[in-house]
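S.K.: Mind having a look at this structure? Questions to follow.
The values are calculated or read from the model by the stated rules, or taken from the named source; none is laboratory data. Keep in mind the model is a prediction, meaning the values are calculated, not measured. Backbone-built Cβ (ideal geometry, glycine too); neighbour counts: all protein chains shown. Surface areas here come from the heavy atoms of the whole protein model, side chains and all, with no ligands, DNA or RNA. Shrake-Rupley method; radii C 1.70, N 1.55, O 1.52, S 1.80 Å.
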Amino acid sequence: MPGPVSGLMAPSAPFLPIRKFEPHLSKEQEAETIGTCIASAMIQRPALAKLRGTEVAKSSALRAESLQELPWEGLDLVLQTFLEQHLTPTTLLHLFLHLQPWICSPRAQERSRAVRASARLFMFYRFKAITEDLKPMVEQGYMAGLLTSQAFDAQEATRYWASQALYWLFTPCKAVVYTKTGAVVSVLSKTQKDASCRENPVHVAMLIAKHLQSSDLMPFSFTLLVGLLEKEECADQLAGVMEAVLREQESELQGQVQDLQAALSYTLSPPRGGRLSEGTRDILHLLARQHTKTAVSILLKMPWPYKRPTKAIWRFLGADPMLTREVLHILLDDSPEKGRANRGQTQDRSCPQPARLPPATTCGLWELIGALGQADTLEGREDDLFASCFLAIACPPARHLSGAQQDLPSDTSPRSMAVQALARVLRLRGSQPAVELMDQERGWQLLEEAQPEGFTLLSRAIVTHPNLALKSIPKLLLPSLQASQEGERMACTALFAEFLGSPLLMENEPKAMRKQVVKAMLQRTEDSNIHVRGRALHGLRNAVTEFPDKVRKKRDKILESFVRAVCECCNPRTVLEAMEGLCWMLRDPKAPLKAHVAVPLALQARTFFEDETSGLRRASMELFGHLSKFVSKKSSLFGAEVEKSMGTLLIHLQDGDPQVAQACRVALLQCAPFLSYQPLRTLVRSQLAEGAAPAIPAFLSEACRILLQDCPGRLSKKDALRAAAAQQLIGYMMDN
């Protein structure tokens, strides 16, 4: 193996022995030899480097230049020698691939030397081809793309040798000229003679792209794109070149555009940031117009949160009505992130789509929605967009965030962006009253905090304005009532709880839909999450109070759910929902409540008579009164509960909440038949009857006197209860 080339040796000396290798080198040895020789020629000589800037170099400039040129004749000889041994297009391509890393080098000197070596190698092959009738070069598109990118180089020498290399690359091997590349050769011949032609490499690049054969077009596009992206100052010129590829040769590129994704993704990914934003954005804009799904696929691979260039492209897509419609269809029906299109659902709108979109698709929708300018661009997809944003608020795609990205500004968090997108959809849809209600009640802030009240407020805002509401969301979100994520179940249960009290679902939707919703809500009353249980009971309460006829067939199961919640649940809000639902259902004396259930219910209701929440006090007293209708007047068990409650009920006739006082008055009247002491029973019936207007302090004094009169020395159980009630009432009256 020849040793390193000395800067003072004769040009060809170290390379001459290559001709005399016996036996011939193996492929591995050839590759190692070629690589070593190219590297020795590319790297600047240490001896020359030391001379530069010294008096020796200044006094002998010609000598210094000759030292710099020494390796080139030797390198040309090495490459030509290996090419002569196997004078084929494949060998030529093999040698070019050895030069490729140096052509793409970040150092100007190495790029210039490698492009020059390529030009001289192509020229040698062409001259040999004239006399030896060689086959045309292979992979012209690949080599042309790489060399064309060097025609944009900042160094004059590199641009010159790039034009030389391209000229010899396209010069025909035979007299017959391929009609397309013949025009390219004509232009390239001018660049050899006129330096001004080399100052406009865009024209040459577009000409090559326009006249290449179909098989060479995509390799040319790919290598040119990658090469130009390395030259940051050429980003603005990139769009013009790629326009020729994508627009002029669109028919030739069918099925191949996906190959450009890797280069574009590489461009947009960190750490390149925004340095190539202009050129890259122009390319993706162009790509989006003609190959929209490819552009969307590229954008979906970008890391979230999006950087400024990526956000700008999404906003561009959302600002163009024609593009918006196509992009919405791709994201909602045929997202590349899903892996395959669900054609059955895109064609049959009667079959609901899964509202839960993949994370990257959801993030892309947020950016797109932010740029929508008019409602007609939605093309009836408002419900799909609403459902997607709604579920993203309930369970944001947090898996996109890792490491430092978790510390995002609040307005760029996944849930915050989903809230902004949802509000935008409602505005575009014309649901401005719902948006204003959310603004007034801090609903958006509650949603960003994932509070159950936020979802309830949003649902209420929608159903309050049924003419403007989104009417297909029940069908889209119904499957989410069975979701595995608690947040998703909670949000959808809150939504359907309001729908069950609105004509939007109970009258406008088909009967089968109502049945499915009621069935699902009954299941949610046994949910492991207390908030979900509470929202489900709220929904069933809405149904039985607003549309009792619509749920009559489920009355028994609904009643059972309410009873179970009152007796077993410890959450005050959930108990309140169940009590209010029970009170409404038990207004009907024919309600299917068994007597053996009424007594435990009464015992449970009594525990809330003194609750600090006025709503619970009111509901518990109202329920206690209704229960009296479902037990026999001879029931000693229920009668005992009434006797035990007498003092408390009498006191709450002066409750600070008028609604509680009224509920207490009604409950005393309903329970009067169970009072064992006849004078007290008569007093309650006469003074608290409907239409009577007693002075409550006077009534309480009279009740206290009656409770204390005729008390025997030895108290029976009933007398003891009466005495306890009197003592409780006396203590209250003394304090007040």
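S.K.: So which of 573, 535, 541 is part of a helix (DSSP H, G or I), open to solvent by 60 Å² or more (accessible area, probe 1.4 Å), farther than 24 Å from residue 642 by Cβ and not β-branched (Val, Ile, Thr)?
M.R.: Testing whether each residue is part of a helix (DSSP H, G or I), open to solvent by 60 Å² or more (accessible area, probe 1.4 Å), farther than 24 Å from residue 642 by Cβ and not β-branched (Val, Ile, Thr) leaves just 573.
S.K.: Got a sec? Which of 610, 643 is part of a helix (DSSP H, G or I) and open to solvent by 10 Å² or more (accessible area, probe 1.4 Å)?
M.R.: On the way: 610 fails: part of a helix (DSSP H, G or I).
Sole residue among the options that is part of a helix (DSSP H, G or I) and open to solvent by 10 Å² or more (accessible area, probe 1.4 Å): 643.
S.K.: Here's another thing I want to ask about it. Could you name every one of the helices (runs of 4 or more DSSP H) located completely within region 434-531 that has at least 1 residues being within 21 Å of residue 576 (Cβ to Cβ) and open to solvent by 10 Å² or more (accessible area, probe 1.4 Å)? Before you say what the answer is, go through the steps one by one.
M.R.: Values: elements: 443-448, 452-464, 473-477, 486-499, 503-506, 511-524.
Filter on region 434-531 gives 443-448, 452-464, 486-499, 511-524.
S.K.: Could you figure out which of (1) assigned to a helix (DSSP H, G or I); (2) under 41 Å from the mean Cα position of the chain (by Cα); (3) of a type in the set (A, V, I, L, M, F, W, C) isn't true of residue 583?
M.R.: Residue 583 satisfies all of (1) assigned to a helix (DSSP H, G or I); (2) under 41 Å from the mean Cα position of the chain (by Cα); (3) of a type in the set (A, V, I, L, M, F, W, C) except (2).
S.K.: Look through region 133-156, keep the residues that are open to solvent by 50 Å² or more (accessible area, probe 1.4 Å) and part of a helix (DSSP H, G or I), and return whichever of them is nearest to residue 100 (Cα to Cα). Before you say what the answer is, go through the steps one by one.
M.R.: Of region 133-156, the ones open to solvent by 50 Å² or more (accessible area, probe 1.4 Å) are 133, 135-136, 138-139, 142, 154-156.
The next check asks that each one be part of a helix (DSSP H, G or I); those that pass are 142, 156.
Numbers: 142: 11, 156: 19 Å.
Out of the qualifying residues, it is 142.
S.K.: Can you spot a residue in region 415-430 that is modelled with pLDDT of 80 or more, surrounded by 23 or more Cβ atoms within 10 Å (Cβ to Cβ) and not aliphatic (A, V, I, L, M)?
M.R.: No, region 415-430 contains no residue that is modelled with pLDDT of 80 or more, surrounded by 23 or more Cβ atoms within 10 Å (Cβ to Cβ) and not aliphatic (A, V, I, L, M).
S.K.: If only one of 595, 667, 591 is at pLDDT 90 or above and either in contact with a helix residue (DSSP H, G or I) (Cβ under 8 Å, 6 or more places away or on another chain) or open to solvent by less than 10 Å² (accessible area, probe 1.4 Å) (or both), which one is it? Spell out how you get there, then give the answer.
M.R.: Working: 595 fails: at pLDDT 90 or above; 591 fails: at pLDDT 90 or above.
One residue alone meets the criteria, 667.
S.K.: Something else about it: Just the residues that are open to solvent by 10 Å² or more (accessible area, probe 1.4 Å) and farther than 14 Å from residue 93 by Cα, please, taken from region 121-131.
M.R.: 127, 128, 130, 131
S.K.: Please go through region 530-569 and give me each residue that is touching a residue at least 40 places away in the same chain (Cβ under 8 Å) and in contact with a Pro (Cβ under 6 Å, 6 or more places away or on another chain), ordered by number.
M.R.: Once the filter is applied, which keeps residues that are touching a residue at least 40 places away in the same chain (Cβ under 8 Å) and in contact with a Pro (Cβ under 6 Å, 6 or more places away or on another chain), region 530-569 yields only 531.
S.K.: If you scan region 671-685, which residues turn out to be out of contact with any Lys or Arg (no Cβ under 7 Å at 6 or more places or on another chain) and surrounded by fewer than 17 Cβ atoms within 10 Å (Cβ to Cβ)?
M.R.: Result: 678, 679, 681, 682, 685.
To keep it simple, each residue is scored yes or no on (1) open to solvent by 40 Å² or more (accessible area, probe 1.4 Å); (2) at pLDDT below 60; (3) out of contact with any helix residue (DSSP H, G or I) (no Cβ under 7 Å at 6 or more places or on another chain).
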site	(1), (2), (3)
21	yes, yes, yes
46	yes, yes, yes
55	yes, yes, yes
76	no, no, no
80	yes, no, no
96	no, no, no
